[in-house]
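First comes the structure, then the notes that go with it.
The values are calculated or read from the model by the stated rules, or taken from the named source; none is laboratory data. The structure presented is a predicted model; accordingly, all values stated were derived computationally and were not measured. Counting neighbours? That spans all protein chains shown, and the Cβs are built from the backbone with ideal geometry, glycine included.
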Amino acid sequence: MRIESEKQLRDYRKKLIEADKKLVKKIMVCHGPGCLASGAEKISAEFEKQLKKKRIKGVSIESVKKTGCHSFCEKSPLVAIEPAQVLYTRVQIRDVAEIIEKSVKGDDVIERLVYHDPKTDEAIEKYPDIPFYKHQTRIALRNLGKINACDIDDYIRVGGYDAAVKAVLHMTPDEVIDEVKKANLRGRGGGGFPAGRKWESCRKIEADVRYVVCNGDEGDPGAFMDRAIMEGDPHTVLEGMIIAAYAIGAKDGYIYVREEYPLAVINLQKAIEQAEAIGLLGDNIMGTSFSLRIHINRGAGAFVCGESSALMMSVAGHVGEPRAKYIRSVQKGLYDQPTVLNNVETYSNVPMIISNGADWFTSIGAPKNSGTKAFSLVGKVRHTGLIEVPMGTTLRTIIYDIGGGIQKDRQFKAVQTGGPSGGCLAEQHLDLSVDFDTLTAHGSMMGSGGMIVMDERTCMVDVAKYFLSFLVSESCGKCIPCREGLYQLYKLAIAISEGRGKEEDIARMERLSDHVVVGSLCGLGKSGPNPFLSTVANFRDEYLAHIVDHKCSAGVCKELIKFEVITEKCDGCMACISACAVNAITGKKKQPHIINQELCTKCGACVAACNRDAIAVF
């Protein structure tokens, strides 16, 4: 069946909704990467296997939905029972029969499987009541956990492709652009440039060929927002690109997906084939003269290819190196033709703006920062996972209300936003509004949406060293300031972490950072010194402690620390002896142990194994 009119799509949706109503219960099994790694595939298969044997009215194999990421990754594997909105956490195959008997066949809730508040141990059955979900507002992530990722019918049933139909059949390209401009949708890939202005500039260029490109490279360590959308809701990416292509007059689009996301490639390809099969993609979309072909390109995992011009060079089959910024991609982008490039999350917002209107979108968020932003919340926070909050939400709300605070009730130390190109913010910044302008004003950035939380056991010199190492290895080497400047910053950071630094090294690194920022060709170099600049701005005392006192207060830098057993606390449980790979710890059972400093490699395994805090770091 080819859909060639709005009425045809609505009639088809009506049939899908009626068929869905016959399913009295639905079992939503998370097939996000975290849950898949924890056995979600086998759990889905077990549900299907057992439902084949049982005859439950209104429940069948179709009741089992293999959805995208449910986002609460720390509690995987996850299974939700709809329409009861019950969420089961850390589900195992052995739990399937009980879930079917009590919550699918009946309406009982298995208390041991639901979320429990870590402070009160209160059981919270329904996921909208769980603090992790309660404080979120989902636009880009709206369908994750609610539809089958590889089923276009499920996407259409929840309103999918309505916006594309509205744009192509009832709006002019200029009207589409005006709506996106009015919504003040800023690019969610990091730069925050207004998408509508970019589209308008591209459309105004005289050209026979234009392209739309989707950046699904997502190279920031700890970031997985775009991955979750491509894997769990690929049709929303396609719909956003269809609308953008119609607005600028493009007939070809490309989705650039990093090599490490094979499932995203599989699901996007399925989505493209399904959309083409029913006339929502390909030639003469919905019976009109508008045609669009979308292709998938796989990147080799180069961080620099997150930069727009480097990405387009890679798509075109060349080495992924950036071009000078006076050449704008809206004028000469892919194959030297006018090109619009936005990231996955940006395109995911577009259908909702067209469907609900710009005024609706601007009613969410903060001034000049409309809508929401998705983040991957990771690190030393209790509840890691994928979140989406209105622009302007504070860091405190994200870390403590949604994330549940710091693991083991330790002291919050810093949060890094924006990946290696971003910066580390300290405790005094917890009440900052999370938006493009505020974060930039305080030495960090929004970036694509990685958010890494650190506690008192994190060494900020080590953090800077780690990310500088990452950037040195990911620099394409095209320009000297980035290639050589970042390397020199990294070498100086190593010297400080090893106690070989000098006080004047800090000033030297600050001057060098200025030269790298001014002289680098692309965003990787211009933001490359940020790991050092943000940590030295907020934690200068820690740098001085490494240099002057030769001490690492966090107990991380091996050259400056040693481990010793606190005799009064050690009860001789032998856990540390078992954990030590080099036999550096000796002692008898129920007697205090001793660490041989000559053999100790300072790996920290003994500290992690000790439940009595009997090993101190000096």
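Points worth noting:
- A single member of VAL114, VAL165, VAL64, VAL59 is crowded, with 17+ Cβ neighbours inside 10 Å, β-branched (Val, Ile, Thr) and more than 30 Å from GLU273 (Cα to Cα), and it is VAL114.
- Candidates ARG396, ARG382: the one that is of a type in the set (D, E, K, R), closer than 30 Å to LYS558 by Cα and not assigned by TED's automatic domain parsing to the domain that holds ARG227 is ARG382.
- When restricted to residues that are closer than 19 Å to CYS150 by Cα, touching a residue at least 40 places away in the same chain (Cβ under 8 Å) and touching a Phe, Trp or Tyr at 6+ places or on another chain (Cβ under 7 Å), the range 55-99 contains 3.
- Every residue from the range 177-228 that is closer than 18 Å to VAL330 by Cβ and in contact with a Cys (Cβ under 8 Å, 6 or more places away or on another chain): ARG210
- Subset of the range 558-570 [under 11 Å from PHE618 (Cα atoms) and either assigned to a loop (DSSP other than H, G, I, E, B) or free of Cβ contacts under 8 Å to residues at least 12 places away in the same chain (or both)]: ILE561, LYS562
- Residue that is farthest from MET241 (Cα to Cα), among those in the range 265-293 that are in contact with a Gly (Cβ under 9 Å, 6 or more places away or on another chain) and small (Gly, Ala, Ser): GLY287
- One residue stands out among those in the range 499-526 that are free of Cβ contacts under 8 Å to residues at least 40 places away in the same chain and of a type in the set (D, E, K, R): the one that is nearest to GLY192 (Cα to Cα), which is LYS526.
- Number of positions in the range 313-345 that are closer than 21 Å to LEU524 by Cα, assigned to a helix (DSSP H, G or I) and in contact (Cβ under 8 Å) with a residue 12 or more places away in the chain: 5
- From TYR326, TYR335, TYR347, TYR261, residue being out of contact with any helix residue (DSSP H, G or I) (no Cβ under 9 Å at 6 or more places or on another chain) and of a type in the set (Phe, Trp, Tyr): TYR326
- Screening the candidates ARG323, ARG298, ARG328 for the property of being touching a Ser or Thr at 6+ places or on another chain (Cβ under 7 Å), modelled with pLDDT under 95, charged (D, E, K, R) and in the same structural domain as ILE177 (by TED's automatic domain parsing) yields one hit, ARG323.
- Number of residues in the range 422-467 that are of a type in the set (S, T, N, Q) and under 15 Å from the mean Cα position of the chain (by Cα) equals 1.
- Some residue of the range 266-287 being among the small types (Gly, Ala, Ser) and either crowded, with 21+ Cβ neighbours inside 10 Å or not assigned by TED's automatic domain parsing to the domain that holds THR172 (or both): yes
- Neighbours by Cβ (under 7 Å, 6+ apart or cross-chain): first from the range 590-603, under 12 Å from ILE577 (Cα atoms) and at pLDDT 90 or above; second surrounded by fewer than 12 Cβ atoms within 10 Å (Cβ to Cβ) and polar (S, T, N, Q): PRO592/THR567
- In the range 458-473, the residues that are assigned to a loop (DSSP other than H, G, I, E, B) and touching a strand residue (DSSP E or B) at 6+ places or on another chain (Cβ under 8 Å): THR458
- Residues being part of a strand (DSSP E or B) and buried (at least 23 other Cβ atoms within 10 Å of the Cβ) - total across the range 390-420: 5
Let's see how each residue does on (1) free of Cβ contacts under 8 Å to residues at least 60 places away in the same chain; (2) within 18 Å of THR236 (Cβ to Cβ); (3) of a type outside the set (Lys, Arg); (4) out of contact with any Leu (no Cβ under 7 Å at 6 or more places or on another chain):
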residue: LYS251; (1), (2), (3), (4): yes, no, no, no
residue: VAL265; (1), (2), (3), (4): yes, yes, yes, yes
residue: LYS270; (1), (2), (3), (4): no, yes, no, yes
residue: GLN274; (1), (2), (3), (4): no, yes, yes, yes
residue: LEU281; (1), (2), (3), (4): yes, yes, yes, no
residue: ASN284; (1), (2), (3), (4): yes, no, yes, yes
residue: PHE290; (1), (2), (3), (4): no, no, yes, yes
residue: ARG293; (1), (2), (3), (4): yes, no, no, yes
residue: ILE296; (1), (2), (3), (4): yes, yes, yes, no
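- Residues in the range 585-597 that are part of a loop (DSSP other than H, G, I, E, B) and either closer than 19 Å to CYS557 by Cβ or of a type in the set (A, V, I, L, M) (or both): GLN597 alone.
- Just one of the listed residues (ALA545, ALA554) is touching a Lys or Arg at 6+ places or on another chain (Cβ under 7 Å), outside the structural domain of ALA310 (by TED's automatic domain parsing) and not in a loop (DSSP other than H, G, I, E, B), and it is ALA545.
- Candidate set from the range 215-268 (those that are assigned to a helix (DSSP H, G or I) and of a type in the set (Val, Ile, Thr)); member that is farthest from CYS30 (Cα to Cα): ILE248
- Residue satisfying condition, being within 28 Å of MET451 (Cβ to Cβ), assigned by TED's automatic domain parsing to the domain that holds GLY301 and more than 14 Å from the chain's Cα centre (by Cα), within set GLY232, GLY240, GLY249: GLY240
- Qualifying residue in the range 3-18 (condition: under 23 Å from LEU386 (Cα atoms), in contact (Cβ under 8 Å) with a residue 12 or more places away in the chain and assigned to a helix (DSSP H, G or I)): no
- Selection from the range 360-389 of residues that are without any contact (Cβ under 8 Å) to a residue 60 or more places away in the chain and either among the charged types (D, E, K, R) or assigned to a helix (DSSP H, G or I) (or both): TRP360
- Members of the range 421-444 found to be more than 22 Å from PRO131 (Cα to Cα) and in a loop (DSSP other than H, G, I, E, B), listed by number: GLY422, HIS442, GLY443, SER444
- From the list LYS52, LYS102, LYS119, the lone residue that is without any contact (Cβ under 8 Å) to a residue 40 or more places away in the chain, in a helix (DSSP H, G or I) and surrounded by fewer than 14 Cβ atoms within 10 Å (Cβ to Cβ) is LYS52.
- If you filter the range 474-516 down to residues that are assigned to a helix (DSSP H, G or I), of a type outside the set (Phe, Trp, Tyr) and touching a Ser or Thr at 6+ places or on another chain (Cβ under 8 Å), you find that the one that is nearest to LYS551 (Cα to Cα) is LEU489.
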